[in-house]
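The block underneath contains the structure these notes are about, expressed in structure tokens.
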Amino acid sequence: MIKFSGLDKWFGDHHVLQKIDLDVAKGEVVVVCGPSGSGKSTLIRCVNGLEKYQGGSLVVDGISVGDSANLRRLRMELGFVFQQFNLYPHKTALENVTLALIYVRKLPRQEAIARGKELLRKVGLGDKFDSYPAQLSGGQQQRVAIARSLCMQPKIMLFDEPTSALDPEMINEVLDVMVGLAKDGMTMIVVTHEMGFARKVADRVVFMDKGSIVEVSEPETFFTAPKNERTQEFLSKILRH
Amino acid sequence: MNLSLNFRVIGETLPDFLTGLTATVTISLAAFVGALVVGVIACAMSLQTPRYLRAPAVVYVDIIRATPLLAQLYFLYFGLPSFGLMMPEIMVGIIAFSLNSGAYVSEIVRSGILSIPRGQLEASAASGMSYLQQMRLIILPQALRPMVSPLIGQAIVLVKDSSLLSLISVLELTRAGQTLAINRFMPVEGLATTAVCYLIIYYGLKLMAYAWGRFNQVGATR
Amino acid sequence: MNETLIFLLDQIKSVIQFHPVILKGLGMTIVVSLIGIVVGGIVGFALGVGRASSYKALSFLIGAYTDIFRGTPVLVQLFVVYFILPQAGVELDSFTAGAIALSNISACFVSEIVASGIRAIPVGQLEAAAASGLSRFQRLRLIMLPQATRMIVPSLVGQFVLLVKDSSVVSAIGLLELTRSGWIVVQSIPNGLLVFSVIGVGYFVICYPMLYWSRKLEKKH
């Protein structure tokens, strides 16, 4: 469903993504991890065009991401969850969730509200329809952000370090929602440090370092018998806690 | 120096001061609206990517900010007739002030828009919104809040700027004071009344700014 | 079309012939602005320190004084100095009156800039300085001023630009500075656009570098 072929990206002189080749099939859950600066966030941001690439190709559901004419339509099928949530502070939770439905998918208001409420209930926020982001905890805000993306009924969900900005006690409520999504068969790419999550639902784990993919394997193999030295180094550092 | 004010004379000339005051307020209001129009257009242009749109806006703002209002006023006052554009001095003034304040309004609007975190643009783009939708639904509603205070400040500047029109014989507040000072040989009374009138407007606008500040704080939990 | 071009070139020649007046005006603008900047800067700095001090009465008095001059037009203040001060026995020509009015208004704006710069320093810094035994004067010199200065300088440079522009108003009481020289020239060469474009260039050359500098300073933070 997503195909990276020899993807190249530079930030000035810095070669951030080096000849990335990766295929993600429909219904697959791919976890991307790696040290900071490895390019994993840049990689996922290329998928919905938040970052532009200079070389190679990136095709999502048959549409090339580099082709800007189709970008808006493509984005309707891609849900993106940010590390900083990026909820609209001047809108309530329900408004946040239904905004794109009404203005981008052009759904009638009543229908959009009904769907929005359903999704907010699904992520456990059925009592927070009229709350503003400032009145919600980090974990709650991120769940609203997930609901906001899900509302558009995307084919693929992209998560850019969704729990990195959360206090520890709120990480699980967000991960639980994501596990539920994975079990429902959603195609997902998740950039994260949460290895427990990877072990539980990932179909494959991708390790990136300094702009290239170092190792790709199934979770069990990845955690118990990593092939590459750098992978081993990384795992030993983060699995210590 | 005789510091006692001849209040009787002030009382007699109050109608003239009132006329002048009304003129000052009218001019300032008209120029403020004009400045908003000019400023928003200039700001929109300065945010576009193509250079042929961005450059004129930037050049305009730089020229306005680096030259005095009086020179700009004279530029129009002495220059417009050569285009066959004859108009009452008050109109020349309003145009000059709109163009002048417009540059500052453009900067105010610009910094308001740029103060919105990038994440807001990214999140709205990620759900497929067009640039116009992003502006209308997400950026502008949030950008308006930080703009109010500086815009009130610009209104204060406009009121003070309007005094320059007395130099091209427009009957506004300063000129009304001049009339008393020169015609009745009472500069102290004339200028004192003028100053007091300006200060009333000044403190009035400052009060508005303060009230807005309080209103803004209360709504902070939103 | 050809005739208008020749006519225009003629006018440009005439304007160039007026260059002594214009240059004199430019020089006067620079001189009177400099006085306003320097005197206003020094006095304003002192006022600002007083305004930010913990002596409530002093702060209030300075605030009230500066408010008056920040809330009234420069033109009115100029008239007050020029027409009313002589009644107190002070001899004034337009240059002196202009210099006084400009210095005064500059001081008032500078004092607010300095005061808010000082107030912006986190209280914790001053408490730490006091706790380590530094005297009031030492705290001012070593901790407050360096930090406040860094915040204040961009605004100050912006204020200087405003002062140069305000100097144009002194033309109203007859001072032969740059704007007035333009006014004089346009009486003989009735091409307002041409003459005041030249005047504009004069101001631009003085003000734009300062404006650019102030923007660069602001970006550093």
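The values are calculated or read from the model by the stated rules, or taken from the named source; none is laboratory data. Given the structure is predicted, the values throughout are model-derived calculations rather than measurements. In this analysis, Cβ positions are derived from the backbone assuming ideal geometry, glycine residues included, and neighbour counts consider all displayed protein chains. Just the protein is used for accessible areas: all its heavy atoms, side chains included, with ligands, DNA and RNA removed. Shrake-Rupley method; radii C 1.70, N 1.55, O 1.52, S 1.80 Å.
Taking residue A:189, is it of a type outside the set (D, E, K, R) and out of contact with any helix residue (DSSP H, G or I) (no Cβ under 6 Å at 6 or more places or on another chain)? Answer is no for this residue.
Being crowded, with 23+ Cβ neighbours inside 10 Å and closer than 20 Å to residue B:164 by Cα is the requirement here; does residue C:78 meet it? Yes.
Mind checking which residues of the stretch B:97-125 are without any contact (Cβ under 8 Å) to a residue 40 or more places away in the chain and either under 21 Å from residue A:97 (Cβ atoms) or open to solvent by less than 20 Å² (accessible area, probe 1.4 Å) (or both)?
Residues of the stretch B:97-125 that are without any contact (Cβ under 8 Å) to a residue 40 or more places away in the chain, as a first pass: B:111-112, B:114-125.
Of everything in the stretch B:97-125, those that are without any contact (Cβ under 8 Å) to a residue 40 or more places away in the chain and either under 21 Å from residue A:97 (Cβ atoms) or open to solvent by less than 20 Å² (accessible area, probe 1.4 Å) (or both) turn out to be B:112, B:116, B:117, B:119, B:120, B:121, B:122, B:123, B:124, B:125.
Yes or no: the stretch C:75-92 includes at least one residue that is more than 12 Å from chain B (Cβ to nearest Cβ), more than 13 Å from the chain's Cα centre (by Cα) and not acidic (Asp, Glu). The answer is yes; a qualifying residue exists. Taking the criterion of being in contact (Cβ under 8 Å) with a residue 40 or more places away in the chain, part of a helix (DSSP H, G or I) and farther than 19 Å from residue A:231 by Cα, the only residue of the stretch A:181-200 that qualifies is A:182.
Annotation: residue B:49 fulfils all but one of (1) more than 24 Å from residue C:197 (Cα to Cα); (2) away from every other protein chain (no Cβ under 14 Å); the unmet one is (2).
Any idea which of A:37, A:56 is in contact with a Phe, Trp or Tyr (Cβ under 8 Å, 6 or more places away or on another chain), open to solvent by 10 Å² or more (accessible area, probe 1.4 Å) and either more than 13 Å from every other protein chain (Cβ to nearest Cβ) or not in a helix (DSSP H, G or I) (or both)? Full working, then the answer.
Numbers: A:37 fails: in contact with a Phe, Trp or Tyr (Cβ under 8 Å, 6 or more places away or on another chain).
Exactly one of A:37, A:56 is in contact with a Phe, Trp or Tyr (Cβ under 8 Å, 6 or more places away or on another chain), open to solvent by 10 Å² or more (accessible area, probe 1.4 Å) and either more than 13 Å from every other protein chain (Cβ to nearest Cβ) or not in a helix (DSSP H, G or I) (or both), namely A:56.
Listed conditions (1) aromatic (Phe, Trp, Tyr); (2) touching a Leu at 6+ places or on another chain (Cβ under 8 Å); (3) open to solvent by less than 40 Å² (accessible area, probe 1.4 Å) are all met by residue A:82, apart from (2). When the stretch B:155-178 is filtered for residues that are among the polar types (S, T, N, Q) and surrounded by fewer than 20 Cβ atoms within 10 Å (Cβ to Cβ), only B:169 remains.
Within the stretch C:30-67, track down each residue that is among the hydroxyl-bearing types (Ser, Thr, Tyr) and either crowded, with 22+ Cβ neighbours inside 10 Å or touching a strand residue (DSSP E or B) at 6+ places or on another chain (Cβ under 6 Å) (or both).
Applying the first criterion (among the hydroxyl-bearing types (Ser, Thr, Tyr)) to the stretch C:30-67 yields C:33, C:53-55, C:59, C:65-66.
Once the filter is applied, which keeps residues that are among the hydroxyl-bearing types (Ser, Thr, Tyr) and either crowded, with 22+ Cβ neighbours inside 10 Å or touching a strand residue (DSSP E or B) at 6+ places or on another chain (Cβ under 6 Å) (or both), the stretch C:30-67 yields C:33, C:66.
Scanning for something out of contact with any strand residue (DSSP E or B) (no Cβ under 9 Å at 6 or more places or on another chain), open to solvent by 70 Å² or more (accessible area, probe 1.4 Å) and among the acidic types (Asp, Glu), does the stretch B:5-15 turn up at least one residue?
Looking only at the stretch B:5-15, we keep the residues that are out of contact with any strand residue (DSSP E or B) (no Cβ under 9 Å at 6 or more places or on another chain), and these are B:5-15.
Of the ones still in play, those that are also open to solvent by 70 Å² or more (accessible area, probe 1.4 Å) are B:7-8, B:12, B:14-15.
Checking the rest, the ones that are also among the acidic types (Asp, Glu) come to B:12.
Yes, some residue in the stretch B:5-15 is out of contact with any strand residue (DSSP E or B) (no Cβ under 9 Å at 6 or more places or on another chain), open to solvent by 70 Å² or more (accessible area, probe 1.4 Å) and among the acidic types (Asp, Glu).
No other residue among A:29, A:97 is more than 10 Å from chain B (Cβ to nearest Cβ), among the aliphatic types (A, V, I, L, M) and either touching a residue at least 60 places away in the same chain (Cβ under 8 Å) or open to solvent by 10 Å² or more (accessible area, probe 1.4 Å) (or both) apart from A:29. Tell me yes or no: at least one residue of the stretch B:15-24 is under 19 Å from the mean Cα position of the chain (by Cα) and within 23 Å of residue B:103 (Cα to Cα). Yes. Here residue C:173 does not qualify as at the interface with chain B (Cβ under 9 Å from one of its Cβ atoms), open to solvent by 10 Å² or more (accessible area, probe 1.4 Å) and in contact with a helix residue (DSSP H, G or I) (Cβ under 9 Å, 6 or more places away or on another chain).
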